[in-house]
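Right, one structure below, let's go through it.
The numbers here are math on the coordinates, done by the rules we state, and not lab data. Since the structure is predicted, the reported quantities are computational estimates derived from the model, not experimental observations. In this analysis, Cβ positions are derived from the backbone assuming ideal geometry, glycine residues included, and neighbour counts consider all displayed protein chains.
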Ligand SMILES: Cc1cc2nc3c(=O)[nH]c(=O)nc-3n(C[C@H](O)[C@H](O)[C@H](O)COP(=O)(O)O)c2cc1C
């Protein structure tokens, strides 16, 4: 993707591998609603082998290295995740672990972040949202505090083509993105 000097490249990590995932549809809506100052790129996590510390630092799988390089090249990270058993899906936790190592070389460190949880349920993935925030505190990711984003009733927000059609959710996400632009600018390091 071509970006100008003002554009901030943001890694979007989607916590579901399901083809019709609500979280992926929401990530695509974020791309559509995003202001020009952000370039949102979905960085895929489905092909990452499970983290095994025996392989670091001498023999990391190529998929780990590619993932780490892609996240490292961004100026922020935006997580869009479902909730599994009141926490984050294992596939997302694996990606976080892969990105966090080798020790001292975490790709997450200092990247301004935001967390959006998505669920068909009424609680909007609150448990996953806050479990993820717990990891991000340790990983030194400054996470946007407001607005909090617990997107509930996700099965009613999209049309058959996967487009986000719910007006209030579109407005909410646009506001969140505006705040995130500011957050990235204020928390940029280096
Ligand atoms: C293993 C598993 C655990 C789940 N646990 C929760 C849960 O704790 N809270 C919740 O709101 N939904 C839960 N669900 C339902 C998901 O919210 C639902 O399947 C949703 O569509 C998954 O997100 P996606 O559409 O982005 O793939 C769970 C689903 C699975 C497969």
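Against the test of being surrounded by fewer than 19 Cβ atoms within 10 Å (Cβ to Cβ) and within 15 Å of the ligand (Cβ to nearest atom), the options 15, 110, 90, 104 yield a single qualifying residue, 90.
Conditions (1) within 29 Å of residue 99 (Cα to Cα); (2) within 16 Å of the chain's Cα centre (by Cα); (3) free of Cβ contacts under 8 Å to residues at least 40 places away in the same chain; (4) loosely packed, with under 13 Cβ neighbours inside 10 Å, marked per residue:
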position	(1), (2), (3), (4)
130	yes, yes, yes, no
133	yes, yes, yes, no
141	yes, yes, no, no
160	no, no, yes, yes
166	no, no, yes, no
170	no, no, no, no
184	yes, yes, no, no
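If you check residue 122 against the conditions, is it without any contact (Cβ under 8 Å) to a residue 40 or more places away in the chain, under 24 Å from residue 174 (Cα atoms) and in a loop (DSSP other than H, G, I, E, B)?
Working: without any contact (Cβ under 8 Å) to a residue 40 or more places away in the chain: yes; under 24 Å from residue 174 (Cα atoms): yes; in a loop (DSSP other than H, G, I, E, B): yes.
Taking the combined requirement at face value, the residue satisfies it.
On the given criteria, is residue 67 crowded, with 19+ Cβ neighbours inside 10 Å, away from the ligand (no atom under 16 Å from the Cβ) and either touching a residue at least 60 places away in the same chain (Cβ under 8 Å) or under 22 Å from residue 131 (Cβ atoms) (or both)? Answer is yes for this residue.
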